[in-house]
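So the structure is just underneath, and the comments pick up after that.
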Amino acid sequence: MTDTSSPAPALATRSVAPQQLAWLRHELDDWTSEGLIGEEQATRIAARYRSEHDARVSVGRVLLYLGGGFVGVGLIWLVAANLDELSPLARFAAVAALWLAFLVGGETLAARHASPPLVGAARLLAALGAGAVIFQAAQSLQVPAYEPRLIGLWAVGAFIHAYLTRAHLPFLVGVVTGVTWWFMQPLWDAQDGTTVVVLLGAGAVLAAALAVLHDGWIDGFAWTWRTLAGGMALAALFVAAIPDTGSDGLTWSTWLVVAVAVAAAATVLAGVVRRGAGILEPLGAIAVLLTATSLSLWATGTDTTAVDGADWAHAAISVVAYVLLAVALVALGTVRDHQALTWMAMVGLVVFTTFQSFAVFAPIVTGAWLFVVLGTVFLGTGFLFDRARRELVQALDPADTATDTASKGTDR
Amino acid sequence: MKIVLTTAVVATSQLALVGLAVAPQLSARIAGDTYLVRVAPVDPIDPFRGAYVALDYPDLRHDGSQSLVEPGLGSLEDGESGDVYITLVETDGVWIGEAWSRTRPDDGPYLACDDRSWQVRCGIESWFLPQDDAQEAEHLLRDGAVAELRVDDHGNAAVVDVRPR
C-alpha cells in the first residue's frame, strides 16, 4: 500500500520489458529530432511506461510489509504471552509503550522519507496499537470488551491519525473499525433485518457523500469511500431482496436515527461544497436506501412451498432494482476510472442472480431442471449485462468513442 | 517541528479517547462513595486474562437462584434487554439489591447495569489478583467475604477490594 502523502502520478503507467522501453525511448528521440512530435509530447508518452524492473520492486515492498507486520505481531505476542505475570497497570503501560513506539517510529520514518512500505508497516502497527491500548485499559478497569463504543473510539483514533498524516493504512483501520461500529452500535439496541438494511443503505449514502467530499482533496481516501459506498449499496439491496427479511418490522432506536441523520447531513454538505454532477452519487445511494427499505418491509409470507403473485412481484422488483444498481455502478466505475466498482457490480450481479434463482425457482423446479433453469437465467443475465456494460463504456468514455470513430474512419 | 506537533496531537487525541473509553470506571474510582456488598467466588482464574477472580454477588441477584452452572446477577426475564438499574439498601452493615428497574432511579444509591448479554452485568464481576494470591483469595471467599465497591452518582461501579467479612 502506498503512502498517500507522496504525489500520485497524473496518468496510469504500464510496465513493459526493459528492452521495449529502451526501444520506445530511442524511437521517441528519433521522432522528436525529425519534428514529428514535440519535446513535451515525447516526455508525456515516455511517462506512461515504466520498466518491469520497477514493478519487481513491489515484491520487495510486500516483504517489507510482511516483515514489519511479523515483527510487530511478534512483539505484541511476547508481551501477551507474559501478561498474566503483570498487574493491570503494568499491562496497560507495556501495551501503551509499544503503541507509542510504533507511532513515533512511524512518523519519524515518514519525516525522513524512509521506504513507504516501512513507514506504512509502522503506521499500521501504531493504528492497531491504539486499539490495543483502548482494550487493555478497558480490561484493566473491568469495562466489558464487547461494548460497541470501544470499537467506535478506536475508529475515531485511527481516523485522527490517518487524516493528520494522510496515512492510508491507519485510514483502512479506521474504515474497518468504523464500519464495524456502524453496525454494532445500533444493533446493540435492536436486532432486526430491516435495521441491517437501513444501516447498509445509510452507510452507502454516507460513504458516497464522503467520496464526493474527498474528490480533489484526498483522492486515495475518496477511492476507498467510493468502493465502500458501492459495496454497501449492493449489500443493502441483496439483503432486502431476501424474502421476509423485515417481517419483524423496523425499530427506530436512537443510534439508527443518528446514523440516518448523519448520512443526510453528509449528503447536504456534499451538495453545498461540491456543486455539480457529483451529488448524483449520494442521491443515487438515497434511492437505494429507500428501495431497499421498502423491499425489506414488504412481507410476502414465509411459506416456501407456495410461490404466489406477491412472491413473484417481490423477486421481479428486486431483480430490476439490483440490475439498475449494477448498471449504475458500472457507469460510475467507467466515468471515475474506478475498476473496483465495475468488478464489484459484476460479481454482485452474478451472486444475486444465482441466489434469487434458487430462492424463487427452488420450490417449484427441482433436481436437474433447477440447474437448467438457473443456467439459462444466468447466461441470459450475463449476456445482457455484458452487452449493456460495453455500450455504456462506449457511450460514457469520449476517448474510446473518439478512438472508435477514428479507427472506423481509417477502415474506410 | 511540524511532524513533532502532528505526532503529539495524534498521541494526545488517542490517549484522550482511551480516557473516554474507561471514563465511567475512572469516575467510580475517583468520585464514588464506598459500599460493602457480600461476595462469593465463581472461578479463581480466567485463563484468557490471568489471575482474575470472577465474583458473584448473592444479594444483587435478581431471581435469587444460586446456580453453579450460571452464576452471576441473573436476568430480568421481562422479554427486553438494555439498561438495568439496581437500587441498593443497607442491611446489617452490607448493601443489598432492593429493586430492579429499566428506568434510572431519581436518587441513589444504585448500580447502572446492562443485560444485553445473557445476564445482568454491572462492571464489578471480576477482580485482579497476582497469580499466587488468587488461590488464597478463593479460600478466603469461601469462608465469607465482602467486596468494597465505589459507586458514583450515575451508578458507575468499580471493585477496589475484597476482604473477609
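What to note about this one:
- The condition of being surrounded by fewer than 19 Cβ atoms within 10 Å (Cβ to Cβ) and either under 29 Å from A:Ala315 (Cβ atoms) or more than 14 Å from chain B (Cβ to nearest Cβ) (or both) holds for only one of A:Gly203, A:Gly216, that being A:Gly216.
- Tally, over region B:26-50, of residues that are closer than 23 Å to A:Glu147 by Cβ, modelled with pLDDT under 90 and crowded, with 20+ Cβ neighbours inside 10 Å: 1
- Candidates are the residues of region A:256-298 that are small (Gly, Ala, Ser), within 21 Å of the chain's Cα centre (by Cα) and surrounded by 19 or more Cβ atoms within 10 Å (Cβ to Cβ); the one that is nearest to A:Gln191 (Cα to Cα) is A:Ala259.
- Residue check, A:Leu164 closer than 30 Å to A:Leu237 by Cα and at the interface with another protein chain (Cβ under 8 Å from one of its Cβ atoms): no
- Of note, A:Arg91 does not satisfy the criterion of being in contact with a Ser or Thr (Cβ under 8 Å, 6 or more places away or on another chain), in a helix (DSSP H, G or I) and more than 9 Å from chain B (Cβ to nearest Cβ).
- Screening B:Ser65 with (1) buried (at least 16 other Cβ atoms within 10 Å of the Cβ); (2) more than 8 Å from chain A (Cβ to nearest Cβ); (3) modelled with pLDDT under 90 gives one miss only, at (1).
The rows are residues; the columns are (1) under 18 Å from the mean Cα position of the chain (by Cα); (2) within 24 Å of A:Val272 (Cβ to Cβ); (3) crowded, with 24+ Cβ neighbours inside 10 Å.
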| position | (1), (2), (3) |
| --- | --- |
| A:Leu153 | no, no, yes |
| A:Pro186 | no, no, yes |
| A:Ala190 | no, no, no |
| A:Ala209 | yes, yes, yes |
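- As a summary of the residue check, B:Asp106 satisfies the conditions (1) closer than 19 Å to A:Val143 by Cβ; (2) modelled with pLDDT of 75 or more; (3) exposed (fewer than 12 other Cβ atoms within 10 Å of the Cβ) except for the one numbered (1).
- Condition check for A:Ser115: surrounded by fewer than 16 Cβ atoms within 10 Å (Cβ to Cβ) and over 29 Å from B:Leu26 (Cβ atoms): yes
- Counting only residues that are surrounded by fewer than 20 Cβ atoms within 10 Å (Cβ to Cβ), part of a strand (DSSP E or B) and more than 8 Å from chain A (Cβ to nearest Cβ), region B:112-130 holds 0 of them.
- Test: residue in region A:100-116 that is of a type in the set (S, T, N, Q) and within 11 Å of another protein chain (Cβ to nearest Cβ): yes
- Qualifying residue in region A:247-255 (condition: surrounded by 13 or more Cβ atoms within 10 Å (Cβ to Cβ) and part of a helix (DSSP H, G or I)): yes
- Against the conditions (1) surrounded by fewer than 18 Cβ atoms within 10 Å (Cβ to Cβ); (2) in a helix (DSSP H, G or I); (3) within 16 Å of the chain's Cα centre (by Cα), A:Leu341 satisfies every one except (1).
- When residues of region B:131-155 are limited to those that are touching a helix residue (DSSP H, G or I) at 6+ places or on another chain (Cβ under 9 Å) and within 14 Å of another protein chain (Cβ to nearest Cβ), the one modelled with the lowest pLDDT: B:Gln131
- Where A:Ala127 falls short, out of the listed (1) in contact with a Leu (Cβ under 7 Å, 6 or more places away or on another chain); (2) at the interface with chain B (Cβ under 9 Å from one of its Cβ atoms); (3) within 27 Å of B:Leu5 (Cα to Cα): (2)
- Residues located in region A:130-150, provided they are more than 9 Å from chain B (Cβ to nearest Cβ) and either more than 24 Å from B:Gln119 (Cα to Cα) or free of Cβ contacts under 8 Å to residues at least 40 places away in the same chain (or both): A:Gly131, A:Ala132, A:Ala145
The values are calculated or read from the model by the stated rules, or taken from the named source; none is laboratory data. Predicted, not measured: the structure shown is a model, and the values here were computed from it. Cβ: placed from backbone, ideal geometry, glycine included. Neighbour counts: every protein chain shown.
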